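What follows draws every value from the coordinates through simple rules; no lab data is involved. These numbers were taken from a predicted model, which means no experiment stands behind them. All Cβ positions, even for glycine, are placed from backbone atoms using ideal geometry, and neighbour counts span all protein chains on display.
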Ligand SMILES: [Zn+2]
């Protein structure tokens with residue numbers, strides 16, 4: 001499915017979204033679970049692209065639903081793997097990532113082996129990958145980044161934000177390295193002129209500005225305010 005000029009959601013992946021960008025260079029922003037490399041290359045083929053055309057795999061973070069197919073794809077294409085320093089250390093097994101450890105155990109149960117890998121270069125905020133600027137969005141994981149294309153407001157946000165129907169939510173506290181940092185990251189994303197949000201899971205979300213502002217509100221305070229306002233409104237209705 002082409003979501004915007006030269007931006008496709010790879011169809012048929014089990015868990016995490018992978019975005020294929022076809023210009024100005026062919027790149028993947030996240031790449032699915034271990035074992036999903038062949039499905040991704042066959043989708044490239046449907047678009048008339050060969051494995052040697054794929055030059056870059058850039059990762060939002062190292063959880064296997066987003067990075068699992070990266071080492072296989074590197075062996076079977078012309079791609080280099082890029083990730084932030086913090087996520088690179090987790091991918092290489094040098095730093096424990098709770099999410100990655102849990103996923104590795106879960107995937108082993110269903111016979112999918114998670115491979116440790118070294119990245120080819122580290123991403124820093126402000127870097128540009130295939131027309132997308134790297135934005136630091138720590139919280140779900142310490143080194144999490146998102147990718148933003150200013151010209152048409154496309155944001156690839158990984159697990160920085162969750163799409164739940166029409167709601168946008170911060171990553172759950174049990175699935176965050178820091179819930180507060182996650183909310184602050186979402187607040188920063190809300191300041192960008194985003195027209196289409198592609199989160200790590202779920203359907204693409206158009207015009208997410210208001211939803212991002214709600215999801216990123218100061219922890220506790222906004223929720224409390226809204227709850228009190230709703231209680232007052234309910235009382236007024238009863239009178
Ligand atoms: Zn994750």
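Restricting attention to the stretch 203-219, and to residues there that are part of a loop (DSSP other than H, G, I, E, B) and touching a residue at least 24 places away in the same chain (Cβ under 8 Å), which single residue is farthest from the ligand (Cβ to nearest atom)?
That would be 218.
Report those strands (runs of 3 or more DSSP E) wholly inside the stretch 159-202 carrying at least 2 residues which are out of contact with any helix residue (DSSP H, G or I) (no Cβ under 7 Å at 6 or more places or on another chain) and in contact (Cβ under 8 Å) with a residue 60 or more places away in the chain.
Result: 196-199.
I'm told residue 85 meets every condition in (1) touching a residue at least 24 places away in the same chain (Cβ under 8 Å); (2) more than 17 Å from residue 37 (Cβ to Cβ); (3) crowded, with 16+ Cβ neighbours inside 10 Å except one. Can you identify the failing condition by its number?
(3)
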